[in-house]
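The values are calculated or read from the model by the stated rules, or taken from the named source; none is laboratory data. Quick caveat, the model's predicted, so the values are computed rather than measured. Using ideal geometry, Cβ is built from the backbone for each residue, glycine included, and neighbour counts are taken over all protein chains shown.
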Amino acid sequence: MKFGIFLAPFHRVGENPTLALKRDMQLVEHLDALGYDEVWVGEHHSFGREIIADPMLFIAAAAQRTRRIMLGTGVTSLPYHHPFMVADRLLQLDHMTEGRAMLGCGPGVLTSDAYMLGIDPLTQRRRMDESLGAIMQLLRSRKPVTAESDWFTMREARLQLANFSTPHAPVSVAASFTPAGPMAAGKHGTGLLSVAGASHEAFERTWGWVEEAAAESGHAVRREDWKVVVPVHLADTKQEAIADCREGFLKQAYFGDRGSEGQGFPAPFAGGAFTIEEAVEKGSLIVGTPDDAIVALETIQERSGGIGGILIGAHEWASTEKTLRSYELWMRYVAPRFQGQISVIEDNRDWIEQNLTQVFGKTAAAQVKAFSDAGKELPPDVKQQMDAMRKAREAATARAE
């Protein structure tokens, strides 16, 4: 499985936006050092909470500060841009990042953006589908593409560079609760970003919608390209994790920077919950210990039938120090469980413990011989240590039997 974050980002109104953007960049550097696989960066133009207007600009800067992490737009709102420009800029990033760029696509989640651009929200999904079709043609072939709709025209368009990535930079479509996103992913043969989490009732039908549309279009799709976004905060105990987030949850993003509990907008990433406890109860969040996260992820895997990865919905409910530690706890204890790293180590440990006498049985004799060969007397404390080790081996062997 792959692990990363979905960086909208969410920041509180009333703080220094320059520092917030710097903190976002520092987070990406931190995740790269920890070994996370992906970062998806959002595009928004209004409402004052999600303040990255051009994720490709952010990605270009982040690519210079990181080593291996994949960097995607999460997501580019296709109705706001000419599809040729989106494809051409993605191709440039593909080369500049040497294959670490990804394109996430969506219709645009904030209708306030569409309002200011003079776009009818009822046309956004259609426009996204039209744009994505043109973009995929441009990426998959160097044959001229001619296309015309009521909002863009392409005349014998072709990209002037070959793809750096093979066959092209990864492309994914964002999905919430409706079939629109999954069916667009299947229709165009792309990956899928389930940005509304895994706790809603439609989640179990999501991949079925992808496969249905893929079968109709003749495109191949892979479950490993399906990523699910879930907000996470981990600590040493569940009580500590909830306490870390309680106040910040009430003030974060769309929710309560103007008011208190029960006022403002219910957090869209928390199933409409008004408290952190309610959100955890609904299963909209993973807040607790690494063991709690492992159980939650196993449940998501079971309900989905198999996904390719989890994207942690980035937030700042806790202090920066505790937030960074949460990301570290995930990579230390949760991620390796789903990447085949822990079982091999545990099997090796268990085999050694079950065969202590066979493996270490001659250790004491070898040590005695070393003193004897050197013509030295065995010190009493070394003898005591050897006797203690012998008794420990015998006890461990008895337990194993």
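The residues on offer are Ala318, Ala364, and the sole one that is of a type outside the set (S, T, N, Q) and more than 30 Å from Gly197 (Cα to Cα) is Ala364.
Once region 109-124 is narrowed to residues that are over 13 Å from Trp151 (Cβ atoms) and of a type outside the set (Ser, Thr, Tyr), the residue that is surrounded by the fewest Cβ atoms within 10 Å (Cβ to Cβ) is Leu122. Taken over region 273-287, the residue count meeting the criterion of being under 18 Å from the mean Cα position of the chain (by Cα) and not hydroxyl-bearing (Ser, Thr, Tyr) is 4.
Scanning region 189-201 for residues that are touching a strand residue (DSSP E or B) at 6+ places or on another chain (Cβ under 6 Å) and of a type in the set (S, T, N, Q), we see that the one that is surrounded by the most Cβ atoms within 10 Å (Cβ to Cβ) is Ser194. So for region 366-374 (the condition being at pLDDT 90 or above and within 28 Å of the chain's Cα centre (by Cα)), does at least one residue qualify? No: region 366-374 contains no residue that is at pLDDT 90 or above and within 28 Å of the chain's Cα centre (by Cα).
A quick yes/no check of all residues on (1) touching a strand residue (DSSP E or B) at 6+ places or on another chain (Cβ under 8 Å); (2) free of Cβ contacts under 8 Å to residues at least 40 places away in the same chain; (3) among the hydroxyl-bearing types (Ser, Thr, Tyr):
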{"position": "Glu98", "(1), (2), (3)": "no, no, no"}
{"position": "Ile119", "(1), (2), (3)": "no, no, no"}
{"position": "Met154", "(1), (2), (3)": "yes, no, no"}
{"position": "Arg158", "(1), (2), (3)": "yes, yes, no"}
{"position": "Ala169", "(1), (2), (3)": "yes, no, no"}
{"position": "Val173", "(1), (2), (3)": "yes, no, no"}
{"position": "Phe177", "(1), (2), (3)": "no, yes, no"}
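In region 1-56, of all residues being charged (D, E, K, R) and at pLDDT below 95, the one that is nearest to Ile69 (Cα to Cα) corresponds to Glu50. For the condition small (Gly, Ala, Ser), touching a strand residue (DSSP E or B) at 6+ places or on another chain (Cβ under 6 Å) and either within 20 Å of Ser217 (Cα to Cα) or part of a strand (DSSP E or B) (or both), Ala184 qualifies. Scanning region 141-170 for residues that are surrounded by 12 or more Cβ atoms within 10 Å (Cβ to Cβ) and under 15 Å from Gln92 (Cα atoms) yields a count of 8. Among the residues of region 279-298, those that are assigned to a helix (DSSP H, G or I) and within 17 Å of Tyr333 (Cβ to Cβ) comprise Pro290, Asp291, Asp292, Ala293, Ile294, Val295, Ala296, Leu297, Glu298. Of all residues in region 230-248, those that are in the same structural domain as Trp40 (by TED's automatic domain parsing) and within 17 Å of Ile310 (Cβ to Cβ) have Cβ atoms under 7 Å from Cβ atoms of residues that are in a helix (DSSP H, G or I) and among the charged types (D, E, K, R), 6 or more apart or on another chain, in His233/Asp244. Among the residues in region 193-201, are any under 22 Å from the mean Cα position of the chain (by Cα) and assigned to a helix (DSSP H, G or I)? Yes. Restricting Gly208, Gly186 to residues that are without any contact (Cβ under 8 Å) to a residue 40 or more places away in the chain and buried (at least 24 other Cβ atoms within 10 Å of the Cβ) narrows the list to Gly186.
Where residues in region 108-159 are part of a strand (DSSP E or B) and among the charged types (D, E, K, R), which of them is nearest to Gly181 (Cα to Cα)? Here the answer is Glu148. Among the residues of region 213-241, those identified as over 19 Å from the mean Cα position of the chain (by Cα) and in a helix (DSSP H, G or I) are Ala213, Ala214, Ala215, Glu216, Ser217, Lys238, Gln239, Glu240, Ala241. Within region 295-321, residues that are closer than 17 Å to Ser284 by Cα and assigned by TED's automatic domain parsing to the domain that holds Val39 sit with their Cβ atoms under 6 Å from residues that are of a type in the set (Gly, Ala, Ser) and in a loop (DSSP other than H, G, I, E, B), at 6+ positions apart or across chains, in these pairs: Ile300/Ala198. Among the residues of region 297-343, those identified as under 19 Å from Asp24 (Cα atoms) and modelled with pLDDT under 95 are His315, Glu316, Trp317. Annotation for region 322-329: no member residue is farther than 27 Å from Gly42 by Cα and of a type outside the set (Ser, Thr, Tyr).
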